[in-house]
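A.B. asks: Sharing a structure with you now.
The values are calculated or read from the model by the stated rules, or taken from the named source; none is laboratory data. Only a predicted model underlies this, so the values are computations on that prediction, with no experimental measurement involved. All Cβ positions, glycine included, derive from the backbone under ideal geometry; neighbour counts span all protein chains shown. The area values use the complete protein model at the heavy-atom level, side chains included, leaving out ligands, DNA and RNA. Shrake-Rupley method; radii C 1.70, N 1.55, O 1.52, S 1.80 Å.
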Amino acid sequence: MNFKLRNLTFCVLALVNLYSCSQLEEEMNGESNFDNAFILEERPFLRGTESIHFKINSEVLGGYKIDDITLAVNNKIISGDLLTEGGDYTFTFDSKQVEDGVQAFDVTAYFTNSANEAKEVKETYSIEVDNYLPAYFYESGYADQQNYEIKGNRGSYVSYSTKSNTEISFAFYNNVGNRISDVYSSTLNDTVRFLIPEDITSQEFYVGTFEGYDNVYTDIYNNGDIKRNSIYNRRYLNLDFILSSQKEPKVYKNNASIDNIKKITVGYNKEDIPDGRINVPIYTLYDNYVDNSDYQYKYQILDIYEKDLNDDTYSYGFGNTATIYQKDENDNYEGITILCNYLNDGDTVLINEEDLKPMINYGTDLEYAGYHLRVKSDKKHLITWPFRENNIIGFFDIKNKKDDNYEIIKVNRQSQDDHHRVYTTYTSVINNMSDKGGDLPDASLINYTQNGDTVKVVDPMIDDKTSNLEIRLDIIDPNVEFYNQEPIRIVVNSNKLSKELVFTFVNDSIYETIHGGKYALIKKENIRDLDVRIWKDIDRYQGGFYELQSYNYFNQSNTRSSNNSRNSYENELLFDKGIIINR
């Protein structure tokens, strides 16, 4: 922010926002010898009880003396106290009389001389008022709506995935990680507009979200035997960087309308395609498989759960597909893929031999490379997984595509150390298997330091643009075998404007009681893992995306499984798809 008073300019930089010097508006009775009469102390922003200091240049007054100074915003006089000592004037007032944001302050000085001739000078200054953090609001029932039960028929068994007992609370933290507010429940059903303590001089803060829930994953064979029954008690504390100068309120709304369940039938002509098969990836789930020899077609009835294309939570969605394929006389794959996202509830798609096209073969499967089809849409890009069979991967043409606006992307992800604790990722658009895609980022670009309880991550600026930075701490119960528990995870996120992320762990008594004591283990001595993540601020399935991850120890006496964090992320991604049968 810049203050300009006649020929004297004060420039103040407030975080990343630089305000241009304000044009002064002067109303003055008499000669111009009042030029440069004011000298105003520079201020970055106003918070709480403030004092604005003026100096009056007595040499230009020509026998006039100052009688009073008033402060006004939008023609409303601000109440306060004016103290004077010699040529110094101090106006003390409560800045909460003024709305937050950059405001136009009118400062008017009244002068008289020995002949009782009066003059006044008014100057206007753009000054930021910063008393409150952005408002936060959770709609009633938001936490309960996060619960679900997902069912998927895998053929030989049925899988169930449930999320239950979701609790969400939040609090505000200063820029070094100390909590400065009470903890508010998402069930409050009221807007929280937190008043920043006056002794805090920074505009950098965190909002900390406590989210806990239970996940149960169960697979049951068709004969009733249990294949798997895994129970996870998830507990997260996500600290997201915010600026108090950004006043846009954060509203968490219920989005009951974004979940769709569609019943779709896909099949093929058994005479035309005698060796045909139907491939439905694990994330496109189905409830019924029909093979009736009395009819010409063999088909599947799919009950598909998907995110609506209008859901703007993510910039991309997952394409639900069904592929009809067989091997031709030369033992090569031919087939066609149906993109179910573009179908309506009750639609039927039947495939004949003339629909089949040769597969685009991408060779053998690679352990650390993922291939995906990115279907571009006006509303949202859809990501589909490739066809995989007998260690062969490839793509079939899409029967119901709206145009040719799709591309094949390759996600390279490799461990870059012998202990599988450092991973780098790069996403490329490719044309053929010989195109290896872009080079993986250099692992040495992961620039972080740990000094006691403080962790610092520095933006590597890989492509001359800022990256997102993240610090993750895993907390465990030292009295329980690691593989028999789910760590509590603290995730600290910067925003893309930050060149570095610094976080200091602080013990907090609130952990003992919040959510019924479910966070009581959060203590320094229980921190096991320190993970650092750096990534480009675009979606991971877009060309040019990069990511660097480093898995480390916070307390060197602890041990860890190098694959735990990675597998946990991949499992959560996998089970975010399916058929919701109870929500």
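A.B. asks: What's log10 of I(q)/I(0) for the stretch 103-231 at q = 0.16 Å⁻¹, Debye sum over Cα points only, no solvent?
C.D. replies: With no solvent term, the Cα-only Debye profile gives -0.91.
A.B. asks: Let me ask something additional. Ignoring ligands and nucleic acids, what accessible area does residue 231 show with a 1.4 Å probe (Å², nearest 10)?
C.D. replies: It works out to around 110 Å².
A.B. asks: Excluding same-chain residues fewer than 8 positions from residue 253, which lysines have a Cα within less than 18 Å of its Cα?
C.D. replies: Straight-distance partners of residue 253: 307.
A.B. asks: In whole Hz, what ³J(HN,Hα) sequence does the stretch 64-81 give by Karplus (6.51, -1.76, 1.60; θ = phi - 60°), x for Gly and Pro?
C.D. replies: With coefficients 6.51, -1.76 and 1.60, one gets 7, 10, 7, 9, 7, 10, 10, 10, 9, 10, 6, 6, 9, 5, 8, 7, x, 10 Hz.
A.B. asks: Sequence-distant or interchain residues sharing an amide H contact under 5 Å with residue 416, placed H: which?
C.D. replies: Correct list: 422, 423, 424.
A.B. asks: If you don't mind, there's one more thing I want to ask. For the stretch 38-129, what D do you get in µm² per second when you plug the Kirkwood radius from alpha-carbon pairs into Stokes-Einstein at 25 °C and 0.890 mPa s?
C.D. replies: Once the numbers are plugged in, D ends up at 177 µm²/s.
A.B. asks: Using θ = phi - 60° and the Karplus relation 6.51 cos²θ - 1.76 cosθ + 1.60, list the HN-Hα couplings for the stretch 223-238 in order, rounded to whole Hz, with x at every Gly or Pro.
C.D. replies: Couplings: 8, x, 5, 8, 7, 7, 8, 10, 10, 10, 9, 7, 9, 10, 10, 9 Hz.
A.B. asks: Which order do the peptides 80-86, 45-51 come out in when sorted by mean C-beta neighbours inside 10 angstrom, highest first?
C.D. replies: The packing order, highest mean first, is 45-51, 80-86.
A.B. asks: 5 Å is the cut-off here: which amide hydrogens, built 1.01 Å from N in the peptide plane, fall below it relative to residue 200, excluding neighbours closer than 5 in sequence?
C.D. replies: It is none; the list stays empty.
A.B. asks: For the full complex of protein chains and a 1.4 angstrom probe, list 234, 228 by accessible area with the highest value first.
C.D. replies: Listed by decreasing accessible area, they come as 228, 234.
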